[in-house]
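First up is the structure itself, then whatever we jot down about it.
Just so you know, all these numbers are worked out from the coordinates, no wet-lab data involved. Everything numeric here is computed off the predicted structure, so don't read it as measured data. In this analysis, Cβ positions are derived from the backbone assuming ideal geometry, glycine residues included, and neighbour counts consider all displayed protein chains.
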Amino acid sequence: MITRRRGANETAHKWSSTGDGQYTIEDAARDKPGTTVEIKLREGMDEYLDAWRVRELVKRYSDFIAYPIRFGENGDPPKDDAEPLNTMKALWKRPKNEIKEEEYNEFYTHLTHDHVAPFKAIHLSVEGAVEFKALLFIPKEASFDLLMPNQKFGLNLYVRNVFIGADFDLLLPDYLRFVKGVVDSSDLPLNVSREMLQDDAVIRKIKSNITGKILSTLADIQKDDRKAYETFFSSFGRVLKEGLYSDWENADKLKALFLYPSSFTDGAKPITLKEYVDAMPESQKDIYYLIAEDLETAKQSPHLEALKKHSYDVLFFVDPIDQWIVDNLREFDGKKLIPIDKGTLELGSDEEKAEEKKKLEDATEDYKPLIAFIQEQLKEDIKEVRLSPRLTDSACCLVADENAMSASMERMMRAMKQEVPKQLRLLELNPAHPLLERMKAMLAADRDDPKLKDYVDLLYGQALLSEGSALKDPRRFTQLVADMMARA
């Protein structure tokens, strides 16, 4: 390389190296300011003399260098009017107010080869403790491999307009892997590698800034264009929820971004946790939710009955990932999240709770023989039989212990071929249901009446079906239903 600084009496210098870590510098002759770089190729590297190969390398690594790169034909120096191989247009370096939407869309297509315009472009310029510029894009549609394991993701990294590499996942948390774009840093060396960046403080600061900007942008869209946000969340909400499991620093911001169907809207319109809290009646102190495999199962659950009676809304957690993050979603805005199919459910004011407790105690004494009989018949399948404060219309339901695995989680684990210990749940009975009155009278009349055992099996089967679980003996259940219909 021969270079000469601008100035009348400046001397040119020659820098030489064979690439072995050693180099020499000596005086040289050059008649005008500038730099000439001469590269000698090793044997077998002739492809780097071809115009197409040079053009490909320039496009890949130096497309946004602010100076024109031209190619000379037949060993001659390139002409000044020859078309540059690089575009020299680093879009992220230009002011936002000078860039048209069409330019963003064109750059997004160039970057991702996605011909559908992006959902949102985020232009970011940060100065201070760390200095970088970024141009980020949220796609309109999820890619087919978004949920596949070992999927490559990340942003393209540039250092002072020079391309360093693609898919730098260190610049994004996993749960924002759907975001595409470029980051250009002035604080990193040009010879940086992925290994060097593993524990780099600059990269950590860049990642933190980018994450915060994306989350705040999504919050703004949720506030200003709810319909568009709901479309976004239907495509990327499942991935976004992963952040609650891994990003404690931004947990509150993430919780505010989540949308859930609820019983008040019959699942038709998803709501945020804040909207749920804002609509809570004065007597309600907690946020109630129900986990189910799908929306229809949740909407038909008997566990909703008492909450409907008190005009309490229930959030439906029907996304598979909800099963995994629910333990990290313990509270919002000072309100605890309570599953309606676990533990003991107490609703209403203190007076209402006391009144309900007294009614259950009296009813339990009245139904004590029937409760003991059902408990004996189902001792291998259930942990306990008790009267329920949850039911107003249905005869029965199954309830898990407060800290036990939910029925839906158990089914999911078994579907994944995981070994799961048998979960014994509680069978809760509605003391106001006519069926319980009938069974109590049958027991008092004839404890050995075979129909009583059939009714117990039907009752348990009904509870299994209502929670979405498989019947223990489908053939026997259908026979008992047919016999009962025939007698009727």
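Taking each DSSP H run with n ≥ 4 as -39500 (n - 2.57) and averaging over every residue of the chain yields -11000 deg cm²/dmol at 222 nm. Using the Cβ-Cβ distance between residue 487 and residue 231 with R0 set to 56 Å, the FRET efficiency works out to roughly 0.60.
For segment 91-229, take the alpha-carbon Rg, divide it by the Kirkwood Rh, and send me Rg/Rh. Over the Cα atoms of segment 91-229, Rg/Rh equals 0.94. The residue list 185, 222, 97 was ranked by how far each Cα lies along the charge dipole of segment 91-229 toward its positive end, using unit charges on Cβ atoms, and 222 comes out on top. Dipole magnitude for segment 333-466: computed about the Cα centre from +1 point charges on Lys and Arg Cβ and -1 point charges on Asp and Glu Cβ, it is near 500 debye. Distance from the Cα centroid of segment 236-308 to that of segment 44-109 is 50 Å (rounded to whole angstrom).
Convex hull volume of the Cα atoms in segment 260-340, per residue, in Å³? Spell out each step's value before the answer.
Values: hull volume 6.7 nm³, N = 81.
Considering the Cα atoms of segment 260-340, their hull volume per residue is 82 Å³.
Computed about the Cα centre, the dipole magnitude for segment 260-340 is approximately 240 debye when only Lys and Arg (+1) and Asp and Glu (-1) carry charge, each at its Cβ. The length gained by stretching the chain between residue 451 and residue 438 to full extension, at 0.36 nm per residue less their Cα-Cα distance, is 3.5 nm. For the chain, the relative contact order comes to 7 percent (Cα pairs under 8 Å, sequence separation of at least 6).
You can think of it this way: the chain between residue 38 and residue 80 has 13.3 nm of extra reach, that is 0.36 nm per residue less the Cα-Cα gap.
Helix 201-224 and the longest principal axis of the Cα set of the chain meet at an angle near 60°. Taking only the C-alpha atoms of segment 344-488, the Rg (one decimal) and the largest Cα-Cα distance, Dmax (whole number), read 16.3, 48 Å. Above 33 Å lies some portion of the pair distances; for the chain, what is it as a whole percent of all C-alpha pairs? That tail contains 57 percent of the Cα-Cα pairs. If the chain linking residue 28 and residue 256 were pulled fully straight, counting 0.36 nm for each residue of separation and taking away their Cα-Cα distance, it would gain 75.5 nm.
Please order 473, 31 by the number of other Cβ within 10 Å, starting at the fewest. Could the numbers behind the result be given before it?
On the way: 473 11, 31 7.
With the fewest neighbours first, 473, 31 line up as 31, 473.
Taking the longest Cα principal axis of the chain as reference, the axis of helix 474-487 is set at about 40 degrees. Neighbour counts of C-beta atoms inside 10 Å place 91, 171, 435 in the sequence 435, 91, 171, starting with the fewest. Please determine, in degrees from 0 to 90 and to the nearest 10, the orientation of helix 350-366 with respect to the longest principal axis defined by the Cα atoms of the chain, where the helix direction is its Cα long axis. So the inclination is approximately 50 degrees.
Calculated translational diffusion coefficient of segment 2-75 (37 °C, 0.692 mPa s; Stokes-Einstein with Kirkwood radius over alpha-carbon pairs) equals 220 µm²/s. Charge dipole (Cα centre; +1 on Lys/Arg Cβ, -1 on Asp/Glu Cβ; no other charges) of segment 131-188 amounts to roughly 140 debye.
Applying 1/(1 + (r/R0)^6) with R0 = 45 Å to the Cβ-Cβ distance of residue 146 and residue 93 gives a FRET efficiency near 0.90.
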